[in-house]
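The values are calculated or read from the model by the stated rules, or taken from the named source; none is laboratory data. Bear in mind the structure is a predicted one, so any value in this text is a computation, not a measurement. Cβ coordinates were reconstructed from backbone atoms using ideal geometry, including for glycine residues, and neighbour counts include every protein chain displayed.
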Amino acid sequence: MISAWAARTAETSDAGDSVQLHFAGHSFIPLPSGALHWPAENALLVADLHLEKLSSFARRGSLLPPYDTGLTLRRLEADLAATGAGEVIALGDSFHRDEGSSTLVDTDRLRLMALLGKARWTWISGNHDPTPHALGGACVAELERAGLTFVHEPRNEAGLVAGHLHPSAHIAINGRSVRRPCFVHDGRLMVLPAYGSATGTLNILSPAFVGLFHWPALEVAMIGKGRVYPVSPRRLVAGHEAW
C-alpha cells in the first residue's frame, strides 16, 4: 500500500533519492531508522533510544525478552557506518531509567563503548534519564549549535529540535490507512521519531501536539519500508492516537 501511495506523493526525482528536510536554514536527511543526518555538521541526531527498557520491565516481573538494547545499538552502528557521521547528538531518554547505564549486559556495553569511540557524543537529559552518567561523551540539559537548540521536550521556540513525543503520521488514501513513525516540523520546531526498538508512537493529531506547530507550514516525513516519504498534511487522519 505504501508503494502505491508513495508514487502519488513522493517529491524526489527517483527511488534512489533521499528526502531532505529544510529547517531553520539547515538541511537534514531523515533516515528510515528514525535517525536524522545533518551533513553540514557531520552529525547524526537520534531521539528516545530508551535503552534497557525491556530489561527494566523484566526486573519488575514482565516476561519480555530484553533484547531491545542490542537491536537499537546495532541499528545505530549501521547508521554511523552508512553516513560516516563523526558526532552523535542524543535528544534525551537515551535510557529508559537512570540506572539503565549500569544494567547493560557485557555485549551491549562493549558495543556501546565501541560506538562512543567512533564518534563524539552529546547526551541530552530526558524525563526518563535526567541524571548524567559516566559512560563517556558530554551530558547536558540542552545544546546550542549553529543557531539551533537541541532539547528533549518540545516547546514553542524558534529553531528548536526535540524528541519526547514519539510522533507518528496516520494517513488515509483510497479507503485504506497506514500509520508509521514520522519526522515533523513547521520551520520553527522539529520533533524526531523515537529511535529505540521498543518504543511506541503518538499520532501528531493527538492533544499532546496541540499548540506546538503552525499547521499551514507543516512538513511531515513518514518512515516506510527502507525509505522516508513526504506526506501531505491533507492526508493526515486522527484516531488510534497512542500505539
Just one of the numbered conditions (1) at pLDDT 95 or above; (2) closer than 30 Å to Y67 by Cβ; (3) in a loop (DSSP other than H, G, I, E, B) is not true of F213; which one?
(2)
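Conditions (1) part of a helix (DSSP H, G or I); (2) under 23 Å from A217 (Cβ atoms); (3) modelled with pLDDT of 95 or more, marked per residue:
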| residue | (1), (2), (3) |
| --- | --- |
| P32 | no, no, yes |
| L54 | yes, no, no |
| G61 | no, no, no |
| P66 | no, no, no |
| T72 | yes, no, yes |
| R75 | yes, no, yes |
| A81 | yes, no, yes |
| I89 | no, no, yes |
Selected residue (only one of V161, V151 is more than 26 Å from R109 (Cα to Cα) and in contact with a His (Cβ under 9 Å, 6 or more places away or on another chain)):
V161
Quick one: in region 154-163, which of the residues that are surrounded by 16 or more Cβ atoms within 10 Å (Cβ to Cβ) and in contact (Cβ under 8 Å) with a residue 60 or more places away in the chain is farthest from D186 (Cα to Cα)?
G163
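Select from region 4-30 the residues that are assigned to a loop (DSSP other than H, G, I, E, B) and of a type in the set (A, V, I, L, M, F, W, C) and write down the one among them that is modelled with the lowest pLDDT. If you could, list the steps in order and put the result at the bottom.
Step one: list which residues in region 4-30 are assigned to a loop (DSSP other than H, G, I, E, B), which gives 10-20, 24-25.
From what's left, of a type in the set (A, V, I, L, M, F, W, C): 10, 15, 19, 24.
On the way: A10: 33, A15: 36, V19: 93, A24: 97.
Top of the filtered list is A10.
Quick check: anything in region 154-163 over 18 Å from I89 (Cβ atoms), within 13 Å of the chain's Cα centre (by Cα) and at pLDDT 95 or above?
Taking every residue of region 154-163 in turn, none turns out to be over 18 Å from I89 (Cβ atoms), within 13 Å of the chain's Cα centre (by Cα) and at pLDDT 95 or above.
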Candidates M190, M222 - the one that is closer than 20 Å to L76 by Cβ, within 17 Å of the chain's Cα centre (by Cα) and either part of a strand (DSSP E or B) or of a type in the set (G, A, S) (or both)
M190
Would it be correct to say that G187 is farther than 23 Å from L51 by Cβ, surrounded by fewer than 22 Cβ atoms within 10 Å (Cβ to Cβ) and in contact (Cβ under 8 Å) with a residue 24 or more places away in the chain?
yes
Out of curiosity, is S197 crowded, with 17+ Cβ neighbours inside 10 Å, in contact with a Leu (Cβ under 6 Å, 6 or more places away or on another chain) and not hydrophobic (A, V, I, L, M, F, W, C)?
yes
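Yes or no, residue by residue, for (1) in a loop (DSSP other than H, G, I, E, B); (2) buried (at least 19 other Cβ atoms within 10 Å of the Cβ); (3) basic (K, R); (4) modelled with pLDDT under 95:
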| site | (1), (2), (3), (4) |
| --- | --- |
| A85 | yes, yes, no, no |
| E99 | no, no, no, yes |
| L104 | yes, yes, no, yes |
| D108 | no, yes, no, yes |
| G117 | no, no, no, no |
| A134 | yes, no, no, yes |
| H152 | yes, yes, no, no |
| S168 | no, yes, no, no |
| S177 | no, no, no, yes |
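Yes/no matrix, rows are residues, columns are (1) under 28 Å from N174 (Cβ atoms); (2) in contact with a Pro (Cβ under 9 Å, 6 or more places away or on another chain); (3) surrounded by 17 or more Cβ atoms within 10 Å (Cβ to Cβ):
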site	(1), (2), (3)
T201	yes, yes, yes
V210	no, no, no
H214	no, no, no
A221	yes, yes, yes
V228	yes, yes, yes
R234	yes, no, no
